[in-house]
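The structure appears right after this line, and notes come after that.
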Amino acid sequence: MAFSTTIYNAVFRRNSVYVSTIFVGAFGFAVGYDKAVTAVWDRWNAGKQWKDIRHKYVTEGGSEDDE
Amino acid sequence: MLFQSAAARSIPRVLRSSASAQARAFSSTSSSAAFQSFLGSRTALVSASALTAGSVAWYTHLYGSLPFIGEVHASAASDHGLHPTSYPWSHNGLMDSFDHSSIRRGYQVYREVCSACHSLDRIAWRNLVAVSHTADEARAMAEEVEYDDGPNDEGEMFKRPGKLADYLPAPYANEEAARAGNAGALPPDLSLIVKARHGGADYLFSLLTGYVDPPAGVEIREGLNYNPYFPGGALGMARVLFDGLVEYEDGTPATTSQMAKDVSVFLHWAAEPEHDERKKIGVKAVILMSTVFLISVYVKKFKWTVIKNRKIFYDPPKH
């Protein structure tokens, strides 16, 4: 009960806070979710992607616009 | 309805429920009797026949033949080409990206071998950047080719070295020149060839490695070559990939099958450059949608508990 009261007072009580929480939460979730899926993806495809072989072909002082 | 409401008005309150029940029973008997007589009617016979004839015609139109009825064909199965083998490409799985080392080797094979006859006009030099080559490498390769540009201040076209934004050069100026250079056979553009052929990359690999001597009785015209994977069996392109034809910079032995595999992967990338990103987004979507689906199942069960678990008692009025 104490937990739900805290949540209610912190988030749901004022509409402005509630809406802001949704927006900020959505943004944060999108970033974190993408990072997590990318981490799994890179692990699964280790050695196959461009970022895994790029170091073999870049030259010292070359441009960086191919990351 | 009219009958029911009129009856309801004239019949005393106590009798109303039984009267309406009778009315319902009467109407259902009459409707089932009507249905029975409809089943035996001429209209039913005609419409059932029309439905049958219609679906047979529709099926034949859609699939060309009827099931369970044997057919005789004047053509041989070889006229459609052999079915290519399904190869275990390293990008086959739902979560597998392209092997970019293979794309890079495949580009080399395309550039040194295929591009003598085949264009790749939907791929620009910039598309190779961060896929198989660095920006500097792609720029250097583009600069080796001269492109038409202009007009300049005097209104004349001029030549300039290529830029990243230029598309890969075509071997022939136009279709007529391509046909004239290949005994009338047009080498197709390879940009979307993986999507444009049944079997996709499997077909390309089978075709490139599938050249054999024509079997007894099969005659191949002068200038054509026999390949069982090609529909019809005779194609203008001769076998081009032989062991050691190119020299890979990463030291991979350039066998025929290795080169065929690499160029198939490269052309698969050319046809579907969005492949890696698409699969990654697909994984994200599946996870997200499954979660949302489970939540919706929970919410539905939660909301319906009250309705599913309630008991209704009838408390009759006491006189």
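Does A:Arg14 satisfy being over 25 Å from B:Trp269 (Cα atoms) and charged (D, E, K, R)?
yes
For the range B:240-271, give me each residue that is over 14 Å from B:Val109 (Cβ atoms) and either open to solvent by 30 Å² or more (accessible area, probe 1.4 Å) or in contact with a His (Cβ under 8 Å, 6 or more places away or on another chain) (or both).
Matches in the range B:240-271: B:Gly251 only.
Can A:Val40 be described as within 13 Å of chain B (Cβ to nearest Cβ), open to solvent by less than 100 Å² (accessible area, probe 1.4 Å) and either more than 25 Å from B:Val131 (Cβ to Cβ) or not polar (S, T, N, Q) (or both)? Steps first, please.
Details: within 13 Å of chain B (Cβ to nearest Cβ): yes; open to solvent by less than 100 Å² (accessible area, probe 1.4 Å): yes; either more than 25 Å from B:Val131 (Cβ to Cβ) or not polar (S, T, N, Q) (or both): yes.
Spelling it out, A:Val40 is indeed within 13 Å of chain B (Cβ to nearest Cβ), open to solvent by less than 100 Å² (accessible area, probe 1.4 Å) and either more than 25 Å from B:Val131 (Cβ to Cβ) or not polar (S, T, N, Q) (or both).
The rows are residues; the columns are (1) more than 10 Å from chain B (Cβ to nearest Cβ); (2) in contact with an Asp or Glu (Cβ under 7 Å, 6 or more places away or on another chain).
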residue: A:Val11; (1), (2): yes, no
residue: A:Gly25; (1), (2): yes, no
residue: A:Val31; (1), (2): yes, no
residue: A:Trp44; (1), (2): no, no
residue: A:Lys56; (1), (2): no, no
residue: A:Thr59; (1), (2): no, yes
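Could you list, in sequence order, all residues of the range B:190-235 that are charged (D, E, K, R) and within 20 Å of B:Asp262 (Cα to Cα)? Can you show your working first?
In the first step, residues of the range B:190-235 are kept if they are charged (D, E, K, R); the result is B:195, B:197, B:202, B:213, B:219, B:221-222.
Listed by number, the residues that qualify are B:Lys195, B:Arg197, B:Asp202.
Checking B:Ala254 against (1) closer than 30 Å to B:Asp136 by Cα; (2) part of a loop (DSSP other than H, G, I, E, B); (3) under 31 Å from the mean Cα position of the chain (by Cα): exactly one of these is not met. Which one?
If we test B:Ala254 against (1) closer than 30 Å to B:Asp136 by Cα; (2) part of a loop (DSSP other than H, G, I, E, B); (3) under 31 Å from the mean Cα position of the chain (by Cα), just (3) comes out false.
Only residues that are within 30 Å of B:Leu120 (Cα to Cα), more than 14 Å from chain A (Cβ to nearest Cβ) and open to solvent by 70 Å² or more (accessible area, probe 1.4 Å): list them for the range B:272-304, please.
B:Glu274
Just to verify a result, which residue in the range B:131-146, among those that are of a type outside the set (Gly, Ala, Ser) and either open to solvent by less than 50 Å² (accessible area, probe 1.4 Å) or within 24 Å of B:Ser97 (Cβ to Cβ) (or both), is farthest from the other protein chains (Cβ to nearest Cβ)?
By that ranking, first place goes to B:Val145.
Quick grid of which residues meet (1) modelled with pLDDT of 95 or more; (2) more than 14 Å from the chain's Cα centre (by Cα):
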{"site": "A:Thr6", "(1), (2)": "no, yes"}
{"site": "A:Val19", "(1), (2)": "yes, yes"}
{"site": "A:Ala26", "(1), (2)": "yes, no"}
{"site": "A:Val31", "(1), (2)": "yes, no"}
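If I go through the range B:199-217 residue by residue, how many of them are outside any loop (DSSP other than H, G, I, E, B) and surrounded by fewer than 22 Cβ atoms within 10 Å (Cβ to Cβ)? Can you show your working first?
Here is the first cut: in the range B:199-217, the residues outside any loop (DSSP other than H, G, I, E, B) are B:200-209.
After this cut, where a residue has to be surrounded by fewer than 22 Cβ atoms within 10 Å (Cβ to Cβ) as well, the list is B:200, B:202, B:209.
Of the residues in the range B:199-217, 3 are outside any loop (DSSP other than H, G, I, E, B) and surrounded by fewer than 22 Cβ atoms within 10 Å (Cβ to Cβ).
The values are calculated or read from the model by the stated rules, or taken from the named source; none is laboratory data. Worth saying up front: this structure is predicted, and the values here are computed from it rather than measured. Note that we place each Cβ from the backbone using ideal geometry, even for glycine, and neighbour counts take in every protein chain shown. The area values use the complete protein model at the heavy-atom level, side chains included, leaving out ligands, DNA and RNA. Shrake-Rupley method; radii C 1.70, N 1.55, O 1.52, S 1.80 Å.
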